[in-house]
1. Residues Asn191, Asn176: which one is part of a strand (DSSP E or B) and either surrounded by fewer than 20 Cβ atoms within 10 Å (Cβ to Cβ) or aromatic (Phe, Trp, Tyr) (or both)?
Amino acid sequence: MKIKVCGITREEDIVKLLELNVDFIGFNLLKESKRKVDVDWALDMTKKYQIKDKSVFLVDCEEPDFQSLKNVTSHNLQIYNFREIPNVSNMLFIPINATFLKHLEKSHLRLNENHRYLVDNMEGALGGTGEKFDWNNLHKLDLSEVMIAGGIGAEDIDFLQDLNVWGIDVNSKFENAPGQKNHNLLESLRNINE
């Protein structure tokens, strides 16, 4: 199961996540986010720590940051606010609202080899609310190409791992305050895939 930690705003948290060997580190460029960072800072951190394969940039199709990043093929994009799926080679995550889970059948997945769906509770907040959606029917779905987000805490990891999800995206349940990761809580991510 892939592990993505999102909402990174501090260099010390990047260092901790590299020590924990998480799969993806998310930099939020969405203008309404409490965890928004400057694209230049995020790119500098990616270069400094040589994490271009781990870095994921959350971008809004209607914002300039998307235009500046969409052709940078060495960085992963998590794209919001699109009317149709943009034709960009570096898009890894296609976020959708949990209300669309019923459509997540293999025949409906329009993925190339790099694309994955990220399912989140986005009612009222672009980029997620930090609240869980209804997980009652997850066991009925093929989640092998789906990343689950929304209010995931350390206590949820075993359950989601048993569902064979492709990955989980954690954020607010591993923080002391928005953008300030709690390193003790992050320790629960240390040996998930070993």
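1. Numbers: Asn191 fails: part of a strand (DSSP E or B).
It is Asn176.
Yes or no, residue by residue, for (1) at pLDDT 80 or above; (2) under 29 Å from Val88 (Cα atoms):
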{"site": "His115", "(1), (2)": "no, yes"}
{"site": "Leu118", "(1), (2)": "yes, yes"}
{"site": "Ile148", "(1), (2)": "yes, yes"}
{"site": "Ala154", "(1), (2)": "yes, no"}
{"site": "Asp162", "(1), (2)": "yes, no"}
{"site": "Phe174", "(1), (2)": "yes, no"}
{"site": "Gly179", "(1), (2)": "yes, yes"}
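The values are calculated or read from the model by the stated rules, or taken from the named source; none is laboratory data. Source: prediction; values computed, not measured. Using ideal geometry, Cβ is built from the backbone for each residue, glycine included, and neighbour counts are taken over all protein chains shown.
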